[in-house]
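Please read the structure below before turning to the comments.
The values are calculated or read from the model by the stated rules, or taken from the named source; none is laboratory data. What you are looking at is a predicted structure, and each value in this text was computed from that prediction instead of being measured. Here Cβ is always computed from backbone atoms with ideal geometry, including for glycine, and neighbour counts include all displayed protein chains. Accessible surface is based on the protein model in full, side chains and every heavy atom, while ligands, DNA and RNA are left aside. Shrake-Rupley method; radii C 1.70, N 1.55, O 1.52, S 1.80 Å.
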Amino acid sequence: MCEIGTIQDGLSFSDKDLENPRGTHNDALIISATISNFWVKKILVDSGSSTNIIFHDAFVKLGISNAQFTPFNTPLVGFFGEIVEALGEVTLPLSLGSYPKRFTKMVKFLLVKASCAYNMILRRPNLNIFQAIGSTYHMKLKFPTPEGVGEAIGDYRLARECHAVTLRGSSGNHKRQVSSKERAPKPGKILRENGIHLVDEEAERKERITATKTLKHVEIVPIDPKKTLKIGTELPSELEEKLKILLGRNLDVFAWGDEPLPGIPHKYALHHLRVDPKMRPMKQNKRAFDPEKNRHIAAEVEKLLAAKYIRPVSYPNWLANVVLVPKPEGKWRLCIDFTYLNKACPKYLFPLPQINLLVDSTAGCELLTFLDAYQGYNQIGLAPEDQEKSSFITNRGIYCYDVMPFGLKNDGATYQRLVNTMF
């Protein structure tokens, strides 16, 4: 077996180092590393240039307020003569690998104010500092550490995502001739510096808006035209047919109305209030509403009763009022004022997800769906011993929830725990 790229004993690549995808690919080497104690993704390893770059948006997110900058007066010029603004040079601690084969060095970066598909670009000076060698074929960067050979493994999904953003930013602009005397471009224009394609944010925004419009209704159940879903018109016909078959086989998981839903089995998710027994139960005095609002409240209560989300109750210890919150187009949303009940409940410290991690996890996915959990909160049961604590009063009587309603403390944490369990 041929081993390549050796700079010292043990620092080499072989077929054992192959990561997904196996076989032929043309993905760039995109790694993640720790910069000033922050985990940073979308770092491009490029051995063909002489300057390490960190982009301004990524640097701002690091929140390093005491960083010392060195002036940088040499202009950066793109392929077509564009001027890319460099704010200066900054030295930051960069850590590669994972414990115990982890190595940290102080690395000098050029801070560039431009939008880019990448957060940082590590180039030849940084590779020399770490005595590192990279292999785009193996999607790995290797470097020596006191504990042995350390590795930074490339992420092919992020590589393809960045490549897709690059292509979107560069398409349709290669014919534009730019004078070398042109002033620094405004934000949103296409910039290129040393072959790095930067994002056209305005074009990407318009593309997202256009994508949301290219949808069509597809009948999944031919005998019932009301049961339809929306799928993209740009899908290949073969993929569209497969998608129809897949959706048709799983009609039991879709809801087209307020008919009673089976709900989530209690062994998977059940909301508990955990009310502090030292807290005295509170009963709010009934609020008065005008006749129009009372009619709306009565109609909403009928819907909840029909869906079996609530039931009548006679002697509750806790009692709350209903509240009507205005919605767009003159509509109203029925809410319950659980202020006092929430004060008596402890905070459930279940970790909610970080949006940037969720977005990064979709890298490399070829299909995007907008499936929504219909009445997601109401499909989770409320613990039987806590149901009467959710009681509320209306002109028609007093009711309590059998399911988890909106407005209760820790609703979001319980729902996120269900989502984690599902996936």
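Computed quantities for the displayed model
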quantity: Test result for Lys327, within 19 Å of Met404 (Cα to Cα), out of contact with any helix residue (DSSP H, G or I) (no Cβ under 7 Å at 6 or more places or on another chain), at pLDDT below 95 and among the charged types (D, E, K, R); calculated: no
quantity: Scope region 334-369; condition charged (D, E, K, R), open to solvent by 50 Å² or more (accessible area, probe 1.4 Å) and within 21 Å of Gln416 (Cβ to Cβ); matching residues; calculated: Lys347
quantity: Members of region 261-275 found to be open to solvent by 70 Å² or more (accessible area, probe 1.4 Å) and modelled with pLDDT under 80, listed by number; calculated: Pro262
quantity: Qualifying residue in region 364-381 (condition: among the hydroxyl-bearing types (Ser, Thr, Tyr) and farther than 20 Å from Ile310 by Cβ); calculated: yes
quantity: Members of region 282-315 found to be polar (S, T, N, Q), under 23 Å from Leu341 (Cα atoms) and either in contact with a Lys or Arg (Cβ under 7 Å, 6 or more places away or on another chain) or in contact (Cβ under 8 Å) with a residue 60 or more places away in the chain (or both), listed by number; calculated: Gln284, Ser314
quantity: Any hit, region 219-230, residues being touching a Gly at 6+ places or on another chain (Cβ under 6 Å) and either at pLDDT 80 or above or part of a helix (DSSP H, G or I) (or both); calculated: no
quantity: First in region 362-379 and free of Cβ contacts under 8 Å to residues at least 24 places away in the same chain, second anywhere and in a loop (DSSP other than H, G, I, E, B) and of a type in the set (S, T, N, Q), Cβ under 9 Å, 6 or more apart; calculated: Leu368/Thr362
quantity: Criterion violated by Asp258 - all others in (1) open to solvent by less than 60 Å² (accessible area, probe 1.4 Å); (2) touching a helix residue (DSSP H, G or I) at 6+ places or on another chain (Cβ under 8 Å); (3) at pLDDT below 90 satisfied; calculated: (1)
quantity: Residues satisfying the stated conditions in region 99-136, i.e. open to solvent by 20 Å² or more (accessible area, probe 1.4 Å), of a type outside the set (A, V, I, L, M, F, W, C) and either without any contact (Cβ under 8 Å) to a residue 40 or more places away in the chain or touching a strand residue (DSSP E or B) at 6+ places or on another chain (Cβ under 7 Å) (or both); calculated: Tyr99, Lys101, Arg102, Thr104, Lys105, Lys108, Lys113, Tyr118, Asn119, Asn128, Gln131, Gly134
quantity: Tally of residues being part of a loop (DSSP other than H, G, I, E, B), open to solvent by 10 Å² or more (accessible area, probe 1.4 Å) and in contact with a Leu (Cβ under 8 Å, 6 or more places away or on another chain) across region 376-407; calculated: 1
quantity: Top-ranked residue in region 140-183 [being in a strand (DSSP E or B), over 14 Å from Leu44 (Cβ atoms) and among the aliphatic types (A, V, I, L, M); ranked as modelled with the lowest pLDDT]; calculated: Ile153
quantity: Verdict on Ala298 being hydrophobic (A, V, I, L, M, F, W, C), over 15 Å from Asp386 (Cα atoms) and loosely packed, with under 11 Cβ neighbours inside 10 Å; calculated: no
